[in-house]
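**Q** I am attaching a structure below and will ask some questions about it afterwards.
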Amino acid sequence: MTTLKVTTMNKQQLRALMAVDLRLANPQVTDRYRKKGKTGTALTKKLTNQFVYNTIIFIFIYGMTMFMLDFSKMPGMFTFYVGLFVLLGISQSISSIYNVFFAGKDLASYLPLPFRQKEIFFSKTLIVFLNVIPFTLPLLLLFFFTGWRVGIFIPLAIILALVVFLLVMLLVFMICSLIVFGLTKTKLFKRHKNAVMSGLMAITMIIAVGGILLMNGQNNYAGTGANFDRAPIALFLPLYQIFKTPFSLASGEGWLGLIALLSLFSALLKYQVLPHLSEQLTQVNTTEVNSANSRKNKRIRRTKLVPILDAYNWQLLKEPNLLLQVLSSSIMMPLIFILTFAMNGSQFNFAKLTPKWLGVFFVAGLVFSAMTVNQTSLAGNLISLDRENFEFITSLPISLKRYLQRKFRLGFLLELAINILMLLIAAIAFKLPLVLLVALLAGVAWGTYLMCLHYFQRDYRLRLTNWTSITQLFNRGGGNLALIAMMFSSIIIGAIIITIYSMAIAFSHLAILANSIAAIVVIGGSIWACYHYQKKFWHLFE
């Protein structure tokens, strides 16, 4: 009887921890529901439903794009997409695990309470899951469509796809957890925390992008139309066999492989991570506080206010979990999407294009900036990084408009440098003519300015001063599902616009009309955007 009560209490505690973490996952949505009078269980139910609705919409959007491919006859494409989204899941898992477990400031609130380490671990895992699942949902669709095309009964295909998806994601999470928790135990991490985590994310990004390039570089083999395929990746072929021949010996080998790997990594987590979780988290957070205090004790002598504010803004960027997320969401994700689409059409000879394509490449630069500048960008979080200091700065006898302008300039220049660097790499890879490269860079420069302006204003409108984890800032206004939906929408809409524009330019008699329409839309939209943000944002501080 006592055991039953303890088990019930533990389940209640775990549900309570998950309810708290669910609120932390998207603070803006939580505040909105609280203003409507939702509290307690009603609030938790609303937040859960919001996530479910967004997930269904996102699955529908991705499902429309993957429905046309028959993956049951395309083992190469199946394994390619598995590799793509596994790499993306690894990248997001590493940054999310670090943000949730080590960058959060909520551990001190849990320590005095009667929570077991296992419960804290699983509750925080929920936030990681919420952050990673939008980036890997296409994998679930891939599994379902493959099983359905093979002829598996639809309810069974759904269950099979869901089980395999959860097992794969659990395996990715375990591997990433062992990497992050193992790294944080080293003396190198304790001495150079920021540098180590930044280096880890850089290595992860290089491996992910390099893996996509390697997979794209494999030779395609025979096939046309709907059955066009590429060479399969041997590592992921057992997953393909699970859906292609679910009752065969090859399928059984796939299941045994998954179960064996999960058993191995779960044992390592159970005996290497969970027993020392609180001690490790406390030690890392204590080291962080001590290093922060030592930085505060360092006096920087400056005679002018502007250099002091500039140094302060640069100091905000030294937080490693901020740079990790910027690299993974603002750079790696768009880059993977671009490489996936571009390498599939890499046989197109850009070197033969003439200057009549200047307008197309300028618009392409605008579209590119819409993909790379988002809610996780530097410009979209610089104001909230001030925390409570922002209120203090507003009380100083300085121009708040000038302070925000310098902060905006810093975010814009950094975002512009990142975008230009990526485009220069792409231009060299695709041998883009110089005149078209200039048009592309001009488009991305102007597009980056407008997008930074939008997200900078958004940061002010949704600013948080009491956030405990950088993930809370990135999840404002819809979370990662909104981020992926916006990025995917910009890709689809941008591709449609560029395709129509390119087709018009290809016909000489329509080129003048197409360029005129594009010029009117771009100039008119730019004038409206500048006027809008000047009136609705900058004018507030005059």
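**Q** When all protein chains stay in place, what accessible area (Å², nearest 10, 1.4 Å probe) is found for Phe85?
**A** 10
**Q** Fully extended, how many nm does the chain gain between Leu434 and His539 (0.36 nm per residue separation, minus their Cα-Cα distance)? Walk me through the numbers on the way to the answer.
**A** Details: separation 105, 0.36 × 105 = 37.80 nm, distance 3.95 nm.
Roughly 33.8 nm would be gained on extension.
**Q** How do the peptides 125-136, 145-156, 257-268 rank, highest first, by the average count of neighbouring beta carbon atoms within 10 Å per residue?
**A** Going from most to least packed, we get 125-136, 145-156, 257-268.
**Q** Probe of 1.4 angstrom, ligands and nucleic acids ignored: what's the accessible area per residue over the stretch 400-457, in square angstrom?
**A** Working: 2530 Å² over 58 residues.
Result: 44 Å² of accessible area for each residue.
**Q** From the square roots a ≥ b ≥ c of the eigenvalues of the alpha-carbon gyration tensor of the stretch 439-542, which class results: rounded (a/c under 1.5), prolate (a/b over b/c), or oblate? Numbers along the way, then the final one.
**A** On the way: a/c = 3.52, a/b = 1.73, b/c = 2.04.
Cα axes put the stretch 439-542 in the oblate bin.
**Q** Still on this model: For the stretch 450-542, run through the trypsin sites (Lys or Arg not before Pro) and keep only the ones in DSSP coil with at most 14 other Cβ atoms within 10 Å of their Cβ. Don't skip to the answer; put the middle values down first.
**A** Working: sites: Arg458, Arg461, Arg463, Arg476, Lys535, Lys536; in loops: Arg463, Arg476.
Qualifying residues, ordered by number: none.
**Q** For Cα pairs less than 8 Å apart in space and 6+ apart in sequence, what is the mean separation divided by the residue count of the stretch 340-447, i.e. the relative contact order in percent? Walk me through the intermediate numbers first.
**A** Numbers: 84 pairs, mean separation 59.9, N = 108.
Dividing the mean separation by the residue count of the stretch 340-447 yields 55 percent.
**Q** For the stretch 370-412, which whole-number percentage of the solvent-accessible area (1.4 Å probe, protein heavy atoms only) is attributable to carbon and sulfur atoms? Display every interim value, and only then the final one.
**A** On the way: 850 of 1600 Å².
The value for the stretch 370-412 is 53 percent carbon and sulfur by accessible area.
**Q** Structure shown: which of Lys36/Lys124; Lys46/Lys124; Lys185/Lys407; Lys46/Lys270 lie over 31 Å apart, alpha-carbon to alpha-carbon? Before the final figure, lay out each step's value.
**A** Numbers: Lys36/Lys124 27 Å; Lys46/Lys124 20 Å; Lys185/Lys407 36 Å; Lys46/Lys270 33 Å.
Cα-Cα > 31 Å for Lys185/Lys407; Lys46/Lys270; rest within.
The values are calculated or read from the model by the stated rules, or taken from the named source; none is laboratory data. What you are looking at is a predicted structure, and each value in this text was computed from that prediction instead of being measured. A quick note on method: Cβ atoms are made from the backbone with ideal geometry, for glycine too, and the neighbour counts reach across all protein chains shown. Ligands, DNA and RNA are stripped out before the accessible areas are found, and what is left, the full protein with its side chains, is counted by its heavy atoms. Shrake-Rupley method; radii C 1.70, N 1.55, O 1.52, S 1.80 Å.
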